[in-house]
Amino acid sequence: MLDKEFNLMMQLNHPNVVRVYSREEIPNFGPCIVMEYIDGRTLGDFLSEKPTQSVRESVVRQLLEAIGYCHGKQIIHRDLKPSNVLVTYNGNRVKLIDFGLSDSDSYAVLKEPAYTKAYAAPEQLSGGKVDNRTDLYAFGLILKQLFPNQCGVIFRKCLQPKKEKRYASAEEVMMAMRRIMQLRKSFPLWCVLFLTITAISVISAMNWRQHNRQMRSTTEQTTASSDTISPENPSPYDDSKTISIQSPTRHSEKY
């Protein structure tokens, strides 16, 4: 088992996968694999520190890159879980570790089921054939812890009981994550635009109503003024006043 882990890890050279240097025999201890030292903490401890969303996004991206790289080498981890993902203290770099249960198509032996039950896909629990999508199931459980309220569409697809309904590759998951993050980042802008347009529409409607009321009021006042004649300005056609015309007085003359 140790030889298989060593041989698989020797094929890997990625910044987000722990480096292996050699296989040695230690007196009074036995065979061991010499790997790089990682000054970090497990993903579970990292999450307990309540990292910012941007840092969590970076961790997800790095983890997917590590998984995709391993799958490109035809290596399935088979034991993805928070304790097998380290995050460095300096720079929050992801390091995927513990390939003790990993498998590859190049191995015809040591094919027995291997997993941690809490993160095992249904095909692992039933002893079925595993592939890249088996790792993506475990990734879905990890993603659910990282983004419980924002990436539901993605982790639910990763957690489909039938692997045929899951994402086919880590690259597909990465593309879906990018769409979700871009939508989230653009949402505040759309929200501001929507509220601005709505406010302008409301103000315009209020101004239009006020203008109509003023117009109606002006019209009514004009109509009322035309129907009422002021006593100080009588109409020339007013019959209430009688104009008397006196004939000139003729005086008789004596002759």
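Multiply the residue gap between Asp105 and Thr196 by 0.36 nm, knock off their C-alpha separation, and tell me the result in nm, one decimal place.
Numbers: separation 91, 0.36 × 91 = 32.76 nm, distance 5.78 nm.
Additional length available on full extension: 27.0 nm.
I need Leu159, Leu183 ordered by Cβ neighbour count within 10 Å, fewest first.
On the way: Leu159 19, Leu183 10.
Result, fewest neighbours first: Leu183, Leu159.
In the P(r) worked out for segment 40-185, what percent of Cα pairs fall beyond 20 Å?
Numbers: 4728 of 10585 pairs.
The proportion of pairs with Cα distances above 20 Å equals 45 percent.
In percent, what relative contact order does segment 40-185 have, based on Cα pairs under 8 Å that are 6 or more apart in sequence?
Relative contact order for segment 40-185 comes out at 23 percent.
Going down the table (Lys50/Lys162; Lys157/Lys185; Lys73/Lys185; Lys117/Lys185; Lys50/Lys129), which pairs top 31 Å between alpha carbons? Write out the running numbers ahead of the final one.
On the way: Lys50/Lys162 33 Å; Lys157/Lys185 22 Å; Lys73/Lys185 34 Å; Lys117/Lys185 36 Å; Lys50/Lys129 37 Å.
Lys50/Lys162; Lys73/Lys185; Lys117/Lys185; Lys50/Lys129, as the Cα separations exceed 31 Å there.
What ranking do Thr219, Thr88 get, fewest neighbouring Cβ atoms within 10 angstrom at the top?
Numbers: Thr219 10, Thr88 14.
Ranked by crowding around the Cβ, least crowded first: Thr219, Thr88.
Cα centroids of segment 108-155 and segment 51-75: how far apart, whole angstrom?
The two parts, judged by their Cα centres, are 15 Å apart.
Every number in this text was worked out from the coordinates using simple rules, so none of it is lab data. From a predicted model like this one, the values you see are computed outputs, not experimental measurements. A quick note on method: Cβ atoms are made from the backbone with ideal geometry, for glycine too, and the neighbour counts reach across all protein chains shown.
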